[in-house]
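The values are calculated or read from the model by the stated rules, or taken from the named source; none is laboratory data. Computed from a predicted model, the values in this text were never measured in an experiment. With ideal geometry, Cβ positions are generated from the backbone for all residues, glycine too; neighbour counts draw on all protein chains shown.
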Amino acid sequence: MDAQSAPGTPADTLPASHPPVPVFAAALAILSWASSYPVVWLALQFLPPIPLAAARYALAALLALLWVGWTRPRLPRVQDLPRFAVCGAIGISLYNILFNVGEQTVSAGAASLLISFSPLIAALLAVGVMGERLSVWGWVGSLISFGGVILVAQGQPGGLTFGSGAADVLGAAFSAAVYNAAQKKLVAVYGALATTAYVLIIGAVLLTPWLPQALSSLQAAPVSGWLLVVQLAVFPAILGYGAWAHVVGRIGVARSSGFIYLLAPTTLLLAFLITAEVPDWRMLLGGAIILAGVALMNTLGRIKPGQK
């Protein structure tokens, strides 16, 4: 899992003292997550989409198991196991299957911009399922962002039609939004790092049917193919989430959420440096529209309790 689901912590409110921003940790998280988009595109040259996810998270789960054995966090309660299973199935397995399949035809930069639509999907889910409300500006922001999604998708093969790469990536964004909603109660009980570790392990277990195919493909791959899988397991899946948990723990969700807007521009830069991908005008304009709509929804769109 990458930027689709930046975890919170039990202290999800802004600390009163406004501690300094841990800049290094924030930069590490954003760079780690942004790197996953072009690196997945490169790794798909050596492994099919689902086996790539299986290999990546098998290694990530091994590292998570070592961390659990070393730190011995609180073990999941029996009543929380179904929620952990849902998070692993949707936030890791389904997300990565849809994302990897989509990136076979969608560019890394376009994928990052489509995934950035996930917070708005989460807000709409909260309205439909949990009874939250959006203001007029919230709905305006939703329409603006969706217009940007259509513009970005128009520049990709198949557009936004069913079964296209862009539709698959949007499905991944929907999976990330569902995961964000489902994992909040777990984070409040177990903390961000332990929740992420358990979810990584469960997601990896669910992907194990494709692990033999992944190992077979890696046997025929050059060393660079192995290194790409290692990079995806260590940086976005382990270091990225660990660094982000530290950021959120230090400055709270409200202050840290602004850094997420740096993810798509950073991805565009890294995609250019790593794969020589040059965004066209549709991607740049559509991405700006998506981010503007999400920002509008997050700032003026939510109706707080007690407001009319």
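Things worth noting here:
- Of the residues making up region 145-162, those that are assigned to a helix (DSSP H, G or I) and buried (at least 20 other Cβ atoms within 10 Å of the Cβ) are Ser145, Gly148, Val149, Leu151, Val152, Ala153.
- Pairs meeting the criteria (first residue in region 30-44 and more than 12 Å from Ile115 (Cβ to Cβ), second residue outside any helix (DSSP H, G or I), beta carbons under 8 Å, at least 6 apart or on different chains) are Pro38/Glu277; Trp41/Glu103; Trp41/Ser107; Leu44/Glu103; Leu44/Gln104.
- Verdict on Ala122 being surrounded by fewer than 21 Cβ atoms within 10 Å (Cβ to Cβ) and under 18 Å from the mean Cα position of the chain (by Cα): yes
- Filtered by the rule that a residue be over 18 Å from Ala173 (Cβ atoms) and among the hydrophobic types (A, V, I, L, M, F, W, C), region 278-295 gives Val278, Trp281, Leu284, Leu285.
- On inspection, Leu160 qualifies as free of Cβ contacts under 8 Å to residues at least 60 places away in the same chain, in contact with a helix residue (DSSP H, G or I) (Cβ under 7 Å, 6 or more places away or on another chain) and of a type outside the set (D, E, K, R).
- Residue within region 16-34 that is at pLDDT 95 or above, among the hydrophobic types (A, V, I, L, M, F, W, C), buried (at least 17 other Cβ atoms within 10 Å of the Cβ) and on the phi < 0 side of the Ramachandran plot present: no
- Test: residue in region 163-177 that is surrounded by 19 or more Cβ atoms within 10 Å (Cβ to Cβ), polar (S, T, N, Q) and in contact with a helix residue (DSSP H, G or I) (Cβ under 7 Å, 6 or more places away or on another chain): yes
- Residue check for Ala172: closer than 23 Å to Leu262 by Cα, modelled with pLDDT of 90 or more and not basic (Lys, Arg): yes
- For region 69-91, the set of residues classified as in a helix (DSSP H, G or I) and under 12 Å from Ile202 (Cβ atoms) consists of Asp80, Leu81, Pro82, Arg83, Phe84, Ala85, Val86, Cys87, Gly88, Ala89, Ile90, Gly91, listed by residue number.
- Residue satisfying condition, being β-branched (Val, Ile, Thr) and touching a residue at least 12 places away in the same chain (Cβ under 8 Å), within set Val149, Val223: Val149
- Single match in Val234, Val248, Val223, Val278 (criterion: within 11 Å of Ala29 (Cβ to Cβ) and either modelled with pLDDT under 90 or out of contact with any Ser or Thr (no Cβ under 6 Å at 6 or more places or on another chain) (or both)): Val248
- The listed residue being touching an Asp or Glu at 6+ places or on another chain (Cβ under 7 Å) and of a type outside the set (A, V, I, L, M, F, W, C), out of Ser112, Ser135, Ser107, Ser142: Ser107
- Residue under evaluation Tyr179, criteria (1) closer than 18 Å to Trp244 by Cα; (2) aromatic (Phe, Trp, Tyr); (3) over 12 Å from the mean Cα position of the chain (by Cα), criterion not met: (3)
- Residue in region 175-196 that is modelled with pLDDT under 85, polar (S, T, N, Q) and touching a Gly at 6+ places or on another chain (Cβ under 9 Å) present: yes
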